[in-house]
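Here's the structure, in structure tokens; my notes come after.
The values are calculated or read from the model by the stated rules, or taken from the named source; none is laboratory data. All of these numbers come straight from a predicted model, not from anything done at the bench. Heads up, the Cβs are rebuilt from the backbone with ideal geometry, glycines too, and the neighbour counts pull from every protein chain shown.
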Amino acid sequence: MPLPPGLSSLEFETACQELRTIVGDDWVLTSEDRLTGYADPYSPGVAGEHAPAGAILPASVEAIRGVLGVANRRGLPLWTVSLGRNYAYGGAAPCLNGSMILDLKRMQAIEVDAGLAYAFVEPGVTYLDLYKFIQDKKYGLWIDCTDPGWGSVLGNALEHGIGYTPYGDHAGHQCGMEVVLANGDMLRTGQGAMEGNPAWPLYKYAFGPSLDGLFMQSNFGIVTKIGVWLMPEPETFAVVEFLFRREEDIAAVIDSLRGLRLDGTVPTATIANWMRIAAGNTTRTEWYDGKGPLPESAIQKLIREMGIGYWGMRFGLYGPTRIVAEKLRIVEKAFSRIDGAEMTVAKYRRGDKIAPEHGTLAGIPSVDLMPLNWLGGAGAHIECPLVVPMQGAEFLELYRRRTELFKSEGFDHYCGLTSTTPRCFINTGSIIFDRNDAEQCARARALGKTLIEDASKRHLAGYRAHISEMDLVAGQFGFNDHSALRTYERLKDALDPEGVLSPGKQGIWPKALRNAKDVEGEPP
Amino acid sequence: MTRRSAYPGLTELDRRDLLKLGGAAALAVLAPSWSKSVASAAFALGAKGTIVLADPRYSDSLVFARSLEREGATLLPLASDLAALWFDAIEPRLKARVRALAGLTLQSDLFVLERLAESSGAVTRYVGCHDWRCRTGSAHRLSGSIELDGIAQALVSGEGHWAEALGAALVSTAGATKRDEGRQEVSMELDHAAASDSPRFFVSWLMTWSI
């Protein structure tokens, strides 16, 4: 395993000895066989550039403060993960080769207030854990979960992750945060800054600046607890699914949906192209066994035989029965103007058993990674999902451009649009590849970079990125000579002067490494 | 606008759920054609204490699972939600002396199960990749810390019933032989035909828990 930059093996071992006195021998990992789980499982051939020196697993805030003392004193870079399930963006692997993984999976506390409909969770709590906790207590509350649902509730919220219910904007439904700063100081955000204030998990704002956002997608502190809002189980839940026949239909679909999102009729929506639908259910060789992207004839065969559209759209409607019924009428009318559109509705009353295929719309976590099998082999994917305005014609142009870019590297275009905020989509474009195939890895990397650069020319950017592309994306936010990044760096230098917290996260490097990067032109 | 009574769905709608009933029926009618002649009672420990997972979408997966079931393994159909399968059906059985988990599945199923099983101390001792993509014959790459020669030999001689031969050989090898001196790898190009419903890339695998 690599050593932390600037530390000799003796110095590293000394640091590890000190860490063992804080967390115990079993929770400082340095042998290769115990670190395999911290490698990026979807790495497109760059795992060697993002390997950890070791891992440390504290179980309490006090232990974290002790770890920080050692890290600051010894110059040990820490890469914080909740569970490390940030797959497609690097998993648990660090930006900086030789970082020590600060793994918070042992912190698993859950508190729920059923009356005010919120939970406090620590980093090690998965969506599966939180769902089970609430079900076991029969609280009549729904969570919102990602798909797959095995990741950390806290970690996903910090990464601006998304789900599929009206609470699908996870950062937007976070309220209240507890943070350990690099110097070991602990702070509570918002109303939590007042000892015992019951509004901490209820009201997002502070008396003064709101700090929560500073600790999301950042390396300014270690978040040890957040509040998340929960949704009361609705009286009626309707699953609405559409198919649309033609590629160009997407323009009208988006323009129709926009009105329904803005007026609140539809609380969130997900749109998928043929490839995303097919990859969720089949493998590519079932349709075509040649090299390169699927030819048009195979795509048409797939659409015909699966009985799908070029596009599918799905969303839930939630609330009192009469209101859901009226919303269904509005929705049907809105999309009926699109020739060939087909609509399906499934309805559930409170307490009904929900079919597995509708689970994510009801906040029921599951784990299924079927799309990874699209090409066969050791399936993996990377992506840099764009934030795109909800404008039909503009998106159609972007879609066609990205299809050409996928084709140019020999991949099928996997496209999804998820609207958890009413004016924008998150546009996923998964590059699925065989991680054991060096040639495919190289093409996947090249396509990923091309997609990011092409988006930037259109003044669009990813909302997340793989660890190997964080500098590239961060550099694209260049307004006024990168004043945003310069501000982040000033904050970094003030809050973490030794630069021990997650160096390189979102392109934010501590001063020493930043200077080295400027000289060498490459990330350290 | 047309209203449909059924919709083939987005990613969450999994054919595995739709086909579950069909799969159960298939499990019942797939008669053993070959296995008894090879997988005899002479095999040391058999597959007792083993759970084998079968993907009802694919006949090769079913045949493989049945070959282990005949040796005493408990057969469970794969569900689209692997977390539910793990927490509801597999993990509780670990306390009841289940010591191994095996399957011939899609690669993503192994990927997920390895991560779900990680905290329980599971070790993946064998993985075989079986590849029919963009080729006329089949390519097989076996790796693991168990003895692979018997598995390789079964594959070589298993034309027409490779999945069944593979399952039987895995029971034999995993039960009778322990190879702790490191990982071994074997690669082979064979002329085995893929089943008509094959995804054209399978992984066979075995993970174990120490007693």
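So A:D493 fits all but one of (1) buried (at least 18 other Cβ atoms within 10 Å of the Cβ); (2) of a type outside the set (K, R); (3) at pLDDT 95 or above; (4) at negative phi; what number is the exception?
(1)
Can you pull out every residue in the range A:336-345 that is more than 7 Å from chain B (Cβ to nearest Cβ) and under 21 Å from A:R261 (Cβ atoms)?
Listed by number, the residues that qualify are A:R337, A:I338, A:V345.
Would you pick out the residues in the range A:174-189 that are part of a loop (DSSP other than H, G, I, E, B), in contact (Cβ under 8 Å) with a residue 12 or more places away in the chain and surrounded by fewer than 22 Cβ atoms within 10 Å (Cβ to Cβ)?
Listed by number, the residues that qualify are A:N183, A:G184.
Examine the range B:151-164 for a residue that is outside any helix (DSSP H, G or I) and either within 11 Å of chain A (Cβ to nearest Cβ) or under 28 Å from B:A83 (Cβ atoms) (or both), and state whether such a residue exists.
No, there is no match, as no residue in the range B:151-164 is outside any helix (DSSP H, G or I) and either within 11 Å of chain A (Cβ to nearest Cβ) or under 28 Å from B:A83 (Cβ atoms) (or both).
Across the range A:79-129, what is the total count of residues that are in a loop (DSSP other than H, G, I, E, B), in the same structural domain as A:P201 (by TED's automatic domain parsing) and in contact with a helix residue (DSSP H, G or I) (Cβ under 6 Å, 6 or more places away or on another chain)?
So the count comes out to 2.
Residues that are within 24 Å of A:T265 (Cβ to Cβ), crowded, with 20+ Cβ neighbours inside 10 Å and at pLDDT 95 or above: does the range A:282-302 have at least one?
Looking through the range A:282-302, none of the residues is within 24 Å of A:T265 (Cβ to Cβ), crowded, with 20+ Cβ neighbours inside 10 Å and at pLDDT 95 or above.
Being more than 23 Å from A:A238 (Cβ to Cβ), away from chain B (no Cβ under 14 Å) and part of a loop (DSSP other than H, G, I, E, B) is the filter here; which residues of the range A:142-169 pass it?
Of everything in the range A:142-169, those that are more than 23 Å from A:A238 (Cβ to Cβ), away from chain B (no Cβ under 14 Å) and part of a loop (DSSP other than H, G, I, E, B) turn out to be A:E159, A:H160, A:G161.
Would you call B:T136 surrounded by fewer than 16 Cβ atoms within 10 Å (Cβ to Cβ), modelled with pLDDT under 90 and either within 14 Å of chain A (Cβ to nearest Cβ) or not in a strand (DSSP E or B) (or both)?
yes
Find the residue count for the range A:57-78, including only residues that are under 11 Å from A:I101 (Cβ atoms) and touching a helix residue (DSSP H, G or I) at 6+ places or on another chain (Cβ under 7 Å).
Looking only at that region, the number is 2.
For A:A199, are the conditions met, namely being surrounded by fewer than 18 Cβ atoms within 10 Å (Cβ to Cβ) and in contact with a helix residue (DSSP H, G or I) (Cβ under 6 Å, 6 or more places away or on another chain)?
Judged against the criteria, A:A199 is a match.
Quick check on my filter: what residues within the range A:294-310 are small (G, A, S) and either within 13 Å of chain B (Cβ to nearest Cβ) or under 13 Å from A:R276 (Cα atoms) (or both)?
A:G307, A:G309
Would you mind finding the one in A:R322, A:R329, A:R314 that is basic (K, R) and under 32 Å from the mean Cα position of the chain (by Cα)?
Of the residues listed, the single one that is basic (K, R) and under 32 Å from the mean Cα position of the chain (by Cα) is A:R314.
Any idea how many residues of the range B:92-107 are surrounded by fewer than 21 Cβ atoms within 10 Å (Cβ to Cβ) and under 17 Å from the mean Cα position of the chain (by Cα)?
2
Give me the residue from the range B:85-111 that is assigned to a helix (DSSP H, G or I) and under 19 Å from A:P371 (Cβ atoms) and, out of that set, nearest to the other protein chains (Cβ to nearest Cβ).
B:S108
Within the range A:28-52, can you find the residues that are within 14 Å of chain B (Cβ to nearest Cβ), of a type outside the set (D, E) and not in a loop (DSSP other than H, G, I, E, B)?
A:L29, A:R34, A:L35, A:T36, A:G37, A:Y38
Residue under question is A:L10, and the condition is that it be surrounded by 18 or more Cβ atoms within 10 Å (Cβ to Cβ) and either in contact with a Phe, Trp or Tyr (Cβ under 7 Å, 6 or more places away or on another chain) or at pLDDT 95 or above (or both); does it hold?
Answer is no for this residue.
Criterion first (at pLDDT 95 or above, buried (at least 23 other Cβ atoms within 10 Å of the Cβ) and in contact with an Asp or Glu (Cβ under 7 Å, 6 or more places away or on another chain)) does A:L243 satisfy it?
Answer is yes for this residue.
Here's a check for you: in the range A:311-322, which residue that is touching a residue at least 12 places away in the same chain (Cβ under 8 Å) and surrounded by fewer than 20 Cβ atoms within 10 Å (Cβ to Cβ) is nearest to the other protein chains (Cβ to nearest Cβ)?
Across the range A:311-322, the extreme among qualifying residues is A:T321.
Restricting to the range A:67-118, count the residues that are acidic (D, E) and at pLDDT below 95.
Selection size over the range A:67-118: 0.
Of A:V153, A:V125, A:V121, which residue is of a type in the set (A, V, I, L, M, F, W, C), free of Cβ contacts under 8 Å to residues at least 40 places away in the same chain and either within 27 Å of A:I426 (Cα to Cα) or buried (at least 22 other Cβ atoms within 10 Å of the Cβ) (or both)?
Answer to the selection: A:V125.
So, of the residues in the range B:112-133 that are more than 11 Å from chain A (Cβ to nearest Cβ) and not hydroxyl-bearing (S, T, Y), which turns out to be surrounded by the most Cβ atoms within 10 Å (Cβ to Cβ)?
Among residues in the range B:112-133 that are more than 11 Å from chain A (Cβ to nearest Cβ) and not hydroxyl-bearing (S, T, Y), the one surrounded by the most Cβ atoms within 10 Å (Cβ to Cβ) is B:G128.
It is to be established whether one or more residues within the range B:69-83 are in contact with a strand residue (DSSP E or B) (Cβ under 8 Å, 6 or more places away or on another chain) and within 14 Å of chain A (Cβ to nearest Cβ).
yes
Suppose we filter the range A:257-282 for residues that are in contact with a Pro (Cβ under 9 Å, 6 or more places away or on another chain), among the β-branched types (V, I, T) and either within 11 Å of another protein chain (Cβ to nearest Cβ) or without any contact (Cβ under 8 Å) to a residue 40 or more places away in the chain (or both); how many remain?
Qualifying residue count, the range A:257-282: 2.
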